[in-house]
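Q: Here's a structure for you.
Readers should treat all values here as calculations from the given coordinates under stated rules, not as data from a laboratory. Given the structure is predicted, the values throughout are model-derived calculations rather than measurements. A quick note on method: Cβ atoms are made from the backbone with ideal geometry, for glycine too, and the neighbour counts reach across all protein chains shown.
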Amino acid sequence: MLSKFSCATGAALAFAFVAGSAAQAAPPPTTLTITINGTLGPVLSGSDTLGLNGKSAVVTVLENEAAKPIKHTTTSATYKVPAGAITVNVNGSNYQSSSPAKMTINIKSSTLTLVAAVTVQGLTITFVDTTALAANSWTKAALMHPTVFTPSPQDITEPTSKLKYSYVGGSATLGVTGTASSSDALDVRLPDDGE
């Protein structure tokens, strides 16, 4: 009887140890950071009523690399980005996304498209940032979860890289020339994924 009890206990302890080890071996969550740093201009279309032509701009995106697409095709995946997880800096002034945004990765065209809104003095401005990267910057893994692109950093140029903004007072599309970079890190705190 003692032998059977000892064997059963040993087996249970071994299972618990293996299960615990497997749980500890699970990879910790990582956060993807994408930064677009450049100069706006020239005006490609519309009327630049906000006077952004020639201004410096930095767009920073934070996204959980465990996120799953809310929409996908055979060559692209669209991810929901929490409100506050996109920051737009224009000439030194920071503006955070005021509502959930969308990030689309297209592995065929190697483009990154961000659709977000910021609020400036009570005025909501929607922007669509399109960044054209080097061919094959992403692998097919980006269709399942957001991932870094390579090489990083890399140069971007207008007119394939551009920023469109629109609000009640008008809209304009400006070229973007500069660099794009991506990285991932542990324990970067993302804003709450609220509506």
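Q: For the stretch 29-186, give the magnitude of the charge dipole about the Cα centre (Cβ charges: +1 Lys/Arg, -1 Asp/Glu; no others), in debye to the nearest 20.
A: For the stretch 29-186, the charge dipole is close to 380 debye.
Q: Write out the trypsin sites (Lys or Arg not before Pro) in the stretch 70-175 meeting two conditions: DSSP loop, and at most 16 other Cβ atoms within 10 Å of their Cβ.
A: The qualifying sites are K108.
Q: Dividing the convex hull volume of the Cα atoms of the stretch 29-186 by its residue count, what figure in Å³ per residue is obtained?
A: 105
Q: In nanometres, what is the gap between the two model label sites at M144 and V43, each 7 Å from Cα along Cα-to-Cβ?
A: Simple spin-label model gives 4.7 nm for this pair.
Q: Another question, if that's okay. Near K164, which lysines are there with a Cα under 21 Å away, not counting those fewer than 8 places off in the same chain?
A: Straight-line reach from K164, under 21 Å: K55, K80, K102.
Q: Among V90, A172, I70, which residue has its Cα positioned farthest towards the positive end of the charge dipole of the stretch 29-186, with +1 placed on the Cβ of Lys and Arg, -1 on the Cβ of Asp and Glu, and the dipole taken about the Cα centre?
A: Final value for the positive-end residue is I70.
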